[in-house]
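Read through the structure below, which is laid out as structure tokens, and then see the notes.
Taken together, the values in this text are just the output of simple stated rules run on the coordinates, not laboratory data. Quick caveat: nothing in here was measured; it's all calculated off a predicted structure.
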Ligand SMILES: Cc1cc2nc3c(=O)[nH]c(=O)nc-3n(C[C@H](O)[C@H](O)[C@H](O)COP(=O)(O)O)c2cc1C
């Protein structure tokens, strides 16, 4: 369904429409359907982008996980204003989210850590993501050793967590063959959302 058609039946909440688009992407095996570019801003106003994996879509928040010593976590602590960008090329769709990021409660971090494959849990333990290293071999060897030796899955480390983004504005973009693409912008307006159609 195009965003124009969607607009006729647009849910009052943008994340309900995002949920529908995510389902479409997953149902059509769109590559990396839940991967999303995540942009933070450093203390000198320098933006940084990286890819993260959407773990949960709540009624009013997008959730992903991260180590908490990382650049993204540091930048969010300084400036919670962030952006997220989904792109599903095979569907000709894009969604841009601007909002505020916060750390979630520990219970959710523990729950999401427990859902990770053991190999991913151990990666978190052996690698201080983002810190300079001389050689990756010692990390590989420690990872392989732990995979062999661990008898039970590790606990969620205290410096690993879940990040929640509460959207302030969400724009849906849908490609049209004549290049007159559909754009629909939701903006938070108190307890509800305003809807504006944008020129392509
Ligand atoms: C497809 C894909 C998914 C990723 N998912 C995550 C993720 O969910 N959380 C995360 O912290 N890093 C994820 N990464 C790694 C980040 O892109 C990034 O390299 C890392 O988080 C360090 O970013 P930072 O130094 O800016 O904090 C992913 C990378 C790719 C390519």
GNM of the chain, Cα pairs under 10 angstrom: of 28, 102, 40, the biggest fluctuation goes to 28
Taking only C-alpha pairs under 8 Å that are 6+ residues apart, what is the relative contact order of the chain in percent?
23
For the chain, take the longest principal axis of its alpha carbons; what is the angle in degrees between that and the long axis of helix 106-115, to the nearest 10 within 0 to 90?
80
Shape verdict for region 99-143, please, from the Cα gyration tensor: rounded (a/c under 1.5), prolate (a/b greater than b/c) or oblate.
oblate
Grab the alpha carbons of the chain, take their convex hull, and tell me the volume per residue in Å³.
154
What shape does region 130-189 have by the C-alpha gyration tensor, where a ≥ b ≥ c are the square roots of the eigenvalues, rounded means a/c under 1.5, and otherwise prolate means a/b greater than b/c and oblate the rest?
prolate
Angle check, please: helix 14-27 long axis (alpha carbons) against the longest principal axis of the chain (alpha carbons), in degrees 0 to 90, nearest 10.
70
Among 70, 51, 90, residue whose mean-square fluctuation peaks in a GNM of the chain (springs only between Cα atoms under 10 Å)
90
Using a 10 angstrom cutoff on alpha carbons, build the Gaussian network for the chain and name the most mobile of 169, 107, 73.
107
